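The values are calculated or read from the model by the stated rules, or taken from the named source; none is laboratory data. Owing to the predicted nature of the structure, the values given are computational and were not obtained by experimental measurement. Reconstructed Cβ throughout: ideal geometry from the backbone, glycine too, with neighbour counts over all protein chains shown. The accessibility values were calculated without ligands, DNA or RNA, using every heavy atom of the protein model including side chains. Shrake-Rupley method; radii C 1.70, N 1.55, O 1.52, S 1.80 Å.
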Amino acid sequence: MIFKDKLSIVTGASQGIGKAIAELLAQEGAQVILWDIQEDKLQEVVDGINKQGGQAAYFRVDVASFPQVEATVKEILDDYGQIDHLVNNAGITRDNLLMRMSESEWDQVLSVNLKGVFNCCKAVIRAMMSRRQGRIVNIASVVGLMGNVGQTNYAASKAGVIGFTKSLAREVASRNITVNAIAPGYILTPMTEALSEQTRQMFLNLIPLRRFGTPEDVARAVRFLLSEDAAYITGQVLGVNGGMYM
Ligand code: NAP
């Protein structure tokens, strides 16, 4: 129980990687606050955690909306008094070749994946700075490092998250706050379920460890970066990708 008495916010937590992160942090004793736009699924995940003896609650929050994020952070601070961990995991894809990509596909991905990270960090940072402690983990992607056909919007958003992470890490290090990114490779979640068998096989051939990642693989890396064991690590990008990108 390494996170007893800690409060963790996990965004995009109703399924996939975010759900696995929320469940693992709760197993480690954290009070976990799950954010997502899918309220029914959020309720199910929270019920599951609480049935297992964990402490979880949820808010329906669109991370792309600064007013929603700001109001929810205020409510959490009023109710719980502190925020120890922020895990920015919410993300979307709207894949298309650039020549066919609409302005809306570009804007949606940048709004959720990049502006969402700005919104959530901005909303919590003052409270973390005044307590002189805090841990932020941003979920980027291997695609933000190596690019991918059909994902100029997604790759730009994730590369942006990496630059944002390093800059914020420098800004808040003196207040004992660490900010790191995780760049997952191909992880089996609803986001990747939609890909064709042919595309899956192509990705598998690129992975030296010869398997796709699981949400739990990513969740364990998040646990490490939030823990005391990672106290001297900030501004880093940890690849969780089976060796797909080195
Ligand atoms: P997922 O299964 O699609 O889960 C993401 C969750 O975030 C969904 O519940 C989604 O709801 C929610 N969400 C979307 N927009 C939101 C918003 N504006 N505000 C709050 N929540 C929102 O995705 P995942 O595969 O677990 O991915 C989690 C993170 O890892 C993402 O940032 C993704 O880019 C990153 N990642 C994933 C992989 C992979 O292989 N799966 C690889 C590298 C990086 P909806 O379903 O309604 O959109």
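Among the conditions (1) at pLDDT 95 or above; (2) outside any helix (DSSP H, G or I); (3) farther than 20 Å from LEU238 by Cβ, PRO208 misses just one, which is (3). Within the stretch 119-136, the only residue that satisfies the criterion of being in contact (Cβ under 8 Å) with a residue 60 or more places away in the chain and within 13 Å of the ligand (Cβ to nearest atom) is CYS120.
Scan the stretch 137-157 residue by residue and report those that are near the ligand (Cβ under 10 Å from one of its atoms) and among the β-branched types (Val, Ile, Thr). Of everything in the stretch 137-157, those that are near the ligand (Cβ under 10 Å from one of its atoms) and among the β-branched types (Val, Ile, Thr) turn out to be ILE139, VAL142, VAL143. From the list GLY116, GLY91, GLY53, pick out the single residue that is more than 14 Å from the ligand (Cβ to nearest atom) and either small (Gly, Ala, Ser) or open to solvent by 40 Å² or more (accessible area, probe 1.4 Å) (or both). That would be GLY53, the only listed residue that is more than 14 Å from the ligand (Cβ to nearest atom) and either small (Gly, Ala, Ser) or open to solvent by 40 Å² or more (accessible area, probe 1.4 Å) (or both). In the stretch 170-200, what residues are part of a strand (DSSP E or B) and in contact with a Phe, Trp or Tyr (Cβ under 8 Å, 6 or more places away or on another chain)? ALA183, ILE187 - these are the residues of the stretch 170-200 that are part of a strand (DSSP E or B) and in contact with a Phe, Trp or Tyr (Cβ under 8 Å, 6 or more places away or on another chain). Given the structure, is ALA231 surrounded by fewer than 16 Cβ atoms within 10 Å (Cβ to Cβ), more than 12 Å from ILE136 (Cβ to Cβ), within 10 Å of the ligand (Cβ to nearest atom) and aliphatic (A, V, I, L, M)? No; evaluated as a whole, the condition is false for this residue. Selection of the stretch 8-20 for residues being within 14 Å of the ligand (Cβ to nearest atom) and within 11 Å of LEU86 (Cα to Cα) yields ILE9, VAL10, THR11.
When only residues in the stretch 34-47 that are of a type in the set (A, V, I, L, M, F, W, C) and either near the ligand (Cβ under 8 Å from one of its atoms) or farther than 19 Å from VAL112 by Cα (or both) count, which is most open to solvent (accessible area, probe 1.4 Å)? Looking at residues that are of a type in the set (A, V, I, L, M, F, W, C) and either near the ligand (Cβ under 8 Å from one of its atoms) or farther than 19 Å from VAL112 by Cα (or both), I get ILE37.
Filtering ILE9, ILE21, ILE2 for residues that are open to solvent by 60 Å² or more (accessible area, probe 1.4 Å), touching a residue at least 60 places away in the same chain (Cβ under 8 Å) and of a type outside the set (Lys, Arg) leaves a single hit, ILE2. Taken over the stretch 25-55, residues that are farther than 18 Å from ALA90 by Cα and out of contact with any Phe, Trp or Tyr (no Cβ under 8 Å at 6 or more places or on another chain) amount to 11.
Taken over the stretch 163-217, the criterion of being within 14 Å of the ligand (Cβ to nearest atom) and either charged (D, E, K, R) or within 30 Å of SER130 (Cβ to Cβ) (or both) is satisfied by PHE164, THR165, ALA181, ILE182, GLU193, ARG200, ARG211, GLU216, ASP217. Taking the numbered list (1) farther than 27 Å from SER196 by Cβ; (2) among the β-branched types (Val, Ile, Thr); (3) in contact (Cβ under 8 Å) with a residue 60 or more places away in the chain in turn, ILE139 passes all entries but (1).
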